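Taking it in order: structure first as structure tokens, then the write-up.
Values quoted throughout were computed directly from the atomic coordinates according to the rules given, and no laboratory measurement underlies them. Nothing here was measured: the structure is a model prediction, and the numbers come from that model. Cβ placement follows ideal geometry from the backbone for every residue including glycine, while neighbour counts extend to all protein chains displayed.
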Amino acid sequence: MLSLSTLPPSSFLRPHGGDRRLFQRLHYPERCNFEKLGSYQIECKLAKLKQAPGGTNPDSLIKEPHKYFDQVIISVRSGDGGHGAILKMPNQSPAKPVGKLEKEKARIKGSIKRDFDGSLVLPVGGHGGDIVVYADEGRDTLLELHKKGRFSAKRGGNVDSTGVLTPQLRNGFASPSLRIPVPLGTVVKQKRGKLLADLTQPGQEILVARGGQGGISLLDAPEHKKKKLMSLTSNVLRDDSDKVLTHGQPGEEVSLELILRVVADVGLVGLPNAGKSTLLSAITLAKPDIADYPFTTLMPNLGRLDGDPALGPEMYSSAATLADLPGLIEGAHLGKGLGRNFLRHLRRTRVLVHVVDAAAEDPVNDYRTVREELRMYNPEYLRRPYLVVLNKIDLPQANERLQSLTEEISRIGTDVLPMNPQTVLEASDKLVPRTSDEEEEKDLEDYARPVAVVGVSVLKGVRVKEMLKQIRAALRQCRDSE
């Protein structure tokens, strides 16, 4: 039989039919007529813990990390300053020390701190903790920041005193800064506000919220002694309104928007299952997920390409970073597939590599589709140096039409030289892509032709060295132009 003692504390009782007399009979049985008590059904409902407003569902972070890994909004608050104190001058001790050693001890113990001009130095409250965002090489995504959307630094310590100015008084404890690590390439901006920093180098940091200053201490004395104290220090309590000076300043509270833009020299783009991840794993030590179904890559993968041997001793400083982006489909700029949000990670690239499945039904149309999506997102992408890699030429249907595909793709475009990559980076370094009317009127044929069109089989290792030679040549040309 169900009794009130067996119900969980977070449950409630609800009688069917809206009859509230059941509760009176349960709590006040001596007032009830049990002969008229009918049957009731009791339902127990456990209260659910409400999710914090603005937080991200932890299940979504696990199931759909590609939606949250490169953008997050957090709230930060620096620490308040510690409070000062209202002090009184100590009473003069009537007993005088006898002896040289006792006099020296009394002098050290009784000496109050003074400034270079002889004025008294009074203790102040501790400084509140600052909030610092810094670039960390060990971080890859912003997923960790979704789990904790608010960061608060500690407040400064108060002046610990008994109300009397003594030599043992010290300043309040200064709170340490709260440092928030983010991946390389993170853009820090105020929410719906101005750009604060672009953290691209390891250890680069930005102070986003400054801690409050500590309050000062004031000396309190009778009116006839205040004039004498004014000659020793200006921190004298004149009236009750001066007590506000002992309060520490509050810390700053800011809402920040963090946007990750991958730092890479070469960007791999193409349709799903074109072989971008396989290409990345073949020429670098990266181990991306590879499968025979579309959209295997949900987040950009990075790999490190060895230096250019043609540069001699400089090859060790010419290593490049490759970024494998998730596949694009027609209409990605309208939100189809995985959408176009991943295209923001191409902003820092110097060279683009279009990976095309040569064994597909219409490889030329696939190439045009990807170029068109880039143009709809940001036309500046089409003004960068790029090369086309025709993958899977080990298949018979691809090997037979390799020459015709190479000639047809090479004819798309004009002989206009690509722009200086550094100029393109500066022109496209915006958080929100904008397309001018002049760029919208251009077709794909109005942009430069590819630097090279190479047929390879990444899986079999066919002509991979020739492809690497062309990629390094394009990177070398970018460095020379800078």
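Results, tabulated for the structure shown:
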{"quantity": "J(HN,Hα) series, the stretch 387-403, from Karplus relation 6.51 cos²θ - 1.76 cosθ + 1.60, nearest Hz, glycine and proline x", "calculated": "9, 10, 10, 8, 8, 6, 7, 6, 7, x, 5, 7, 5, 5, 10, 5, 5"}
{"quantity": "Karplus-derived 3J(HN,Hα), 6.51/-1.76/1.60, for each residue of the stretch 445-456, Hz, glycine and proline x", "calculated": "6, 7, 9, 5, 6, x, 5, 7, 10, 10, x, 9"}
{"quantity": "Highest to lowest packing among 148-154, 256-262, scored as the average C-beta count within 10 Å", "calculated": "256-262, 148-154"}
{"quantity": "Likely footprinting exposure, D289, D130, D394, fewest C-beta neighbours within 10 Å first", "calculated": "D289, D394, D130"}
{"quantity": "Packing-based exposure ordering (other Cβ within 10 Å, fewest first) of E314, E361, E330", "calculated": "E361, E314, E330"}
{"quantity": "V456 long-range amide H proximity, modeled H, under 5 Å", "calculated": "L390, N391, K392, I393"}
{"quantity": "T321 long-range amide H proximity, modeled H, under 5 Å", "calculated": "D265, V266, L305"}
{"quantity": "Least to most buried among Y386, Y377, Y134, Y316 (fewest other Cβ within 10 Å first)", "calculated": "Y316, Y134, Y377, Y386"}
{"quantity": "Dimensionless Rg/Rh of the stretch 188-250 - Kirkwood Rh, Rg from C-alpha atoms", "calculated": "1.35"}
{"quantity": "Karplus 3J(HN,Hα) series, Hz, for the stretch 72-77 with 6.51 cos²θ - 1.76 cosθ + 1.60 (x for Gly, Pro)", "calculated": "7, 10, 10, 10, 10, 9"}
{"quantity": "Computed E for E137/D289 - FRET, C-beta separation, R0 35 angstrom, nearest 0.05", "calculated": "0.95"}
{"quantity": "Inter-centroid distance (Cα atoms) of the stretch 352-408 relative to the stretch 150-206, Å", "calculated": "50"}
